Amino acid sequence: MSSEKMFYELLKRKNGIYISADSFGDDMLVNQMAVPKLVCSHETALFLHDLIFLWYDRSLQKKM
């Protein structure tokens with residue numbers, strides 16, 4: 001391991017939540033960390049459970 005110290009620039013997202021300046025910021029994760037009892041519903045819940053495409057496919061099939 002190198003003896004050089006590595007420093008990362010951190011950005012404050014919310015109280016007590018910091019992310020690296022060169023990372024991708026995930027707003028859903030930040031909100032969940034800030035509010036542990038956060039509830040997601042409808043399209044958001046479908047998206048988080050990887051069901052949004054299945055839901056859209058079924059809705060399109062019914063119209064055809």
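Just so you know, all these numbers are worked out from the coordinates, no wet-lab data involved. Quantities reported herein were computed from a predicted structural model and do not represent experimental measurements. Cβ coordinates were reconstructed from backbone atoms using ideal geometry, including for glycine residues, and neighbour counts include every protein chain displayed.
If you go through region 14-44 and keep only what is part of a loop (DSSP other than H, G, I, E, B) and either among the aromatic types (F, W, Y) or touching a residue at least 60 places away in the same chain (Cβ under 8 Å) (or both), you end up with just F24.
State which residue is nearest to P36 (Cα to Cα) when the search covers only region 6-26 and only residues that are surrounded by 11 or more Cβ atoms within 10 Å (Cβ to Cβ) and of a type in the set (D, E, K, R). Looking at the filtered set, the residue picked out is K14.
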